[in-house]
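Accompanying notes for the structure given below.
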Amino acid sequence: ILNVEQSPQSLHVQEGDSTNFTCSFPSSNFYALHWYRWETAKSPEALFVMTLNGDEKKKGRISATLNTKEGYSYLYIKGSQPEDSATYLCAFRSSSASKIIFGSGTRLSIRP
Amino acid sequence: DSGVTQTPKHLITATGQRVTLRCSPRSGDLSVYWYQQSLDQGLQFLIQYYNGEERAKGNILERFSAQQFPDLHSELNLSSLELGDSALYFCASSVLGGGAVNEQFFGPGTRLTVL
């Protein structure tokens, strides 16, 4: 059974602080890892698609790293802002590309 | 606005009925994905179509079926509906999807309520 886990489940961070969270996925049959940002009452918004071991992607204050050999990805947010409050989801895609498994998300709240 | 449209926005129906959800992908996108989000579960992948052909299949029930038409819009058909089918159904699209992967753009979702 393929399992994708995200930790922590929720996180409260002071505005201006930096933070990071983890997505763990199977280390075999890796094809791709997606990161999404999901605000309440909206649709998931794609942040990154990562395919190569050692990949590092960046979009503004948000960046992500990928380690396919050990099966984890980190998402970093630098200098958190209130608009960063959302649930951050990762999704693992297997090498046959036939399965897409989502983690349960990390709910991030930024305290002003 | 992602450019992906879904209709209807809300749907209320009774157990045992059949409904069709519709998705129009972004202009130029060849792949369409369907996802289900139930109250007690996270986002679940149902099925992917790429340029009219089924490309990948997730935990889609046999009572559910989908297709992608020549104009690339897609429909998800849900039949013999049960209370547990009440959920938010998302469609997403991406440019690629045959042998490559890129970011997916999600539609606003269809909220299905089965009474």
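Each value in this text was obtained by applying a stated rule to the coordinates, not by laboratory testing. Quantities reported herein were computed from a predicted structural model and do not represent experimental measurements. A quick note on method: Cβ atoms are made from the backbone with ideal geometry, for glycine too, and the neighbour counts reach across all protein chains shown.
Scanning segment B:27-40 for residues that are surrounded by fewer than 19 Cβ atoms within 10 Å (Cβ to Cβ) and closer than 17 Å to B:T110 by Cβ, we see that the one that is nearest to the other protein chains (Cβ to nearest Cβ) is B:Q37. Across segment A:63-112, the number of residues qualifying as among the aliphatic types (A, V, I, L, M) and more than 14 Å from chain B (Cβ to nearest Cβ) comes to 4.
Only residues that are exposed (fewer than 14 other Cβ atoms within 10 Å of the Cβ) and in contact with a helix residue (DSSP H, G or I) (Cβ under 8 Å, 6 or more places away or on another chain) were counted in segment A:70-102, giving 0. Taken over segment B:24-64, the residue count meeting the criterion of being of a type outside the set (S, T, N, Q) and over 19 Å from B:L83 (Cα atoms) is 19.
If you filter segment B:90-108 down to residues that are closer than 25 Å to B:R18 by Cβ and in contact with a Lys or Arg (Cβ under 8 Å, 6 or more places away or on another chain), you find that the one that is surrounded by the most Cβ atoms within 10 Å (Cβ to Cβ) is B:S93.
For segment B:71-89, a tally of residues being part of a strand (DSSP E or B) and surrounded by fewer than 18 Cβ atoms within 10 Å (Cβ to Cβ) returns 3.
Against the conditions (1) within 14 Å of chain A (Cβ to nearest Cβ); (2) in a strand (DSSP E or B); (3) over 11 Å from the mean Cα position of the chain (by Cα), B:V101 satisfies every one except (2).
Does segment A:4-30 hold any residues that are in a loop (DSSP other than H, G, I, E, B) and either within 15 Å of A:K78 (Cβ to Cβ) or touching a strand residue (DSSP E or B) at 6+ places or on another chain (Cβ under 8 Å) (or both), and which are they?
Of everything in segment A:4-30, those that are in a loop (DSSP other than H, G, I, E, B) and either within 15 Å of A:K78 (Cβ to Cβ) or touching a strand residue (DSSP E or B) at 6+ places or on another chain (Cβ under 8 Å) (or both) turn out to be A:V4, A:P8, A:Q9, A:E15, A:G16, A:D17, A:S18, A:F25, A:P26, A:N29.
For segment B:1-26, which positions are surrounded by 13 or more Cβ atoms within 10 Å (Cβ to Cβ), more than 13 Å from the chain's Cα centre (by Cα) and closer than 23 Å to A:W35 by Cα? Residues satisfying the conditions are B:S2, B:G3, B:R26.
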